[in-house]
Amino acid sequence: MRTQVAIIGAGPAGLLLGQLLSTAGIDNVIVEQRSGDYVLGRIRAGVLEPITVSLLEACNAAGRLHRDGLPHDGFELCAGDQRHRIDLQALTGRHVTVYGQTEVTRDLMQARAAAGRPSIYEAEEVTVLDFESGSRPRVQYRKDGTLHEIECDFIAGCDGYHGVCRASIPAERLQTFERMYPFGWLGVLADVPPVAHELIYARHPRGFALCSQRSTTRSRYYVQVPSSDRAEQWSDEAFWAELKRRLPADTAAQLVTGPSIEKSIAPLRSFVAEPMRCGRLFLAGDAAHIVPPTGAKGLNLAASDVGYLWQALCDFYKGDGAGVEAYSARCLQRVWKAERFSWWMTGLLHQFPDHSPFEVRMQDAELDYLLHSDAGRRVIAENYVGLPA
């Protein structure tokens, strides 16, 4: 098989890139090691920056998002029993949209199927070859016992943190940066109405909590737990009781509980690999970087990478290779700013087991300053809606 761009990974990053390239008339094939149902079953983020929405619009995949997505003009930060609203619209002139990553993936899958573009699921033994030099990289995979090969101009590694693409780059060509946190988020998805119209981030002596949502009838809640905890240790009743303890009393009183649809613990990690390009292989999304979910940046950073790569490849096929050369540097400038915001928000709102009483008081003082300062609230708002591309 011959194509212009071989995309490894059929998550939202790979699907978005494929749809954007197809809209621009650039031939592409997506290769995914998992099944389509498995990809759709991943429960992930749900807060979209304006730049992510604009990219979905650019590839004609935003119809259901505009119908069912929930525009949010702000969110709340809680300290103890005090609730403080960060007015995104007033502070930045922009808003975010709550729309689940599963729904984004579903929309992109349907758009790709409607366009008749090829996606190869359940591909085994995926290998990326000859991308460091020359102009003819290759992708090999095994399907139904038969070895297949794709010749292409470029390979886009959108296959996540554990994928084959970053692992195929020689170790001496990459520098990695990582921070592991001593806690995770226990998340519960339930068919209950959200406790509030907007998201609530809560800092509490017992640990962080987040009240999020997927729709007006489906909610996603999280509590900070030690990294040694396991989801099966937590009954639904224990989760709801712990969440109520960490919310302001008036908010806890309004919380509607119900049986969990899904329950899992997500570890928190900061990770960056650079550069994000090796020859004709590009890394995008979780293949290149991971952020703690506190700043709502994971999916949005992946979309930002894809936007840069789409522009670069469009320019390349028009005879201008400058964007290809600048791809990594351009992405990393935004990646590190988003990493900083996610790291900062995580440090501000969570309880750290090794913090001294002095460090805890410093967290209290910093949060109090930010919430009572116009400049401080604007810093939070500007980063939350997404810095300029």
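Assorted remarks:
- Highest-fluctuation residue, Asp364, Asp250, Asp87 considered, GNM on the chain with Cα pairs under 10 Å: Asp250
- Difference of contour (0.36 nm per residue) and Cα-Cα distance, Arg64 to Arg142: 24.6 nm
- Three-way shape label, segment 88-162, alpha-carbon gyration tensor, a/c 1.5: prolate
- Cα gyration tensor shape of segment 17-73, rounded if a/c is under 1.5, else prolate or oblate by comparing a/b with b/c: oblate
- Descending principal axes extents, the chain, alpha-carbon based, whole Å: 61, 39, 39
- Whether segment 268-317 is rounded, prolate or oblate, judged on the alpha carbon gyration tensor where a/c under 1.5 counts as rounded: oblate
- Cβ-derived FRET efficiency at R0 22 Å, Glu172 paired with Leu129, nearest 0.05: 0.75
- Think of the chain as having a plus end and a minus end, set by charges on the Cβ of Lys, Arg, Asp and Glu; of Gly207, Cys278, Ser228, Gly207 sits farthest toward the positive end of this dipole.
- Maximal additional length on extending the Asp87-Ser356 stretch stands at 93.6 nm, based on 0.36 nm per residue less the C-alpha distance.
- Our estimate of slack between Glu382 and Arg42, defined as 0.36 nm per intervening residue step minus the Cα-Cα distance, is 119.5 nm.
- The helix-only estimate of mean residue ellipticity at 222 nm for the chain, built from DSSP H runs of length n ≥ 4 each weighted as -39500 (n - 2.57), is -11500 deg cm²/dmol after division by the residue total.
- Most to least packed among 333-345, 302-314 [average Cβ atoms within 10 Å]: 302-314, 333-345
- Check: the chain dipole with +1 on Lys, Arg Cβ and -1 on Asp, Glu Cβ, in debye: 240
- On Cα atoms only, tilt of 101-115 relative to the major axis of the chain in degrees: 30
- Cβ-placed point charges (K, R +1; D, E -1), dipole of segment 156-306 about Cα centre in debye, nearest 20: 260
- The chain: angle of helix 322-349 to the longest principal axis, Cα-based, in degrees nearest 10: 20
- Among Gly11, Gly41, Gly298, residue whose mean-square fluctuation peaks in a GNM of the chain (springs only between Cα atoms under 10 Å): Gly41
- For the options Ala61, Ala326, Ala266, a Gaussian network treatment of the chain with springs between C-alpha atoms closer than 10 Å singles out Ala326 as fluctuating the most.
- Rounded tilt (10° steps) of 374-385 against the dominant C-alpha axis of the chain: 40
Where a number appears in this text, it was derived from the coordinates with a stated rule and is not lab data. None of the values given here were measured: they were computed from a predicted structure. Quick reminder, even Gly has a Cβ in these numbers, built from the backbone with ideal geometry, and neighbours come from all protein chains shown.
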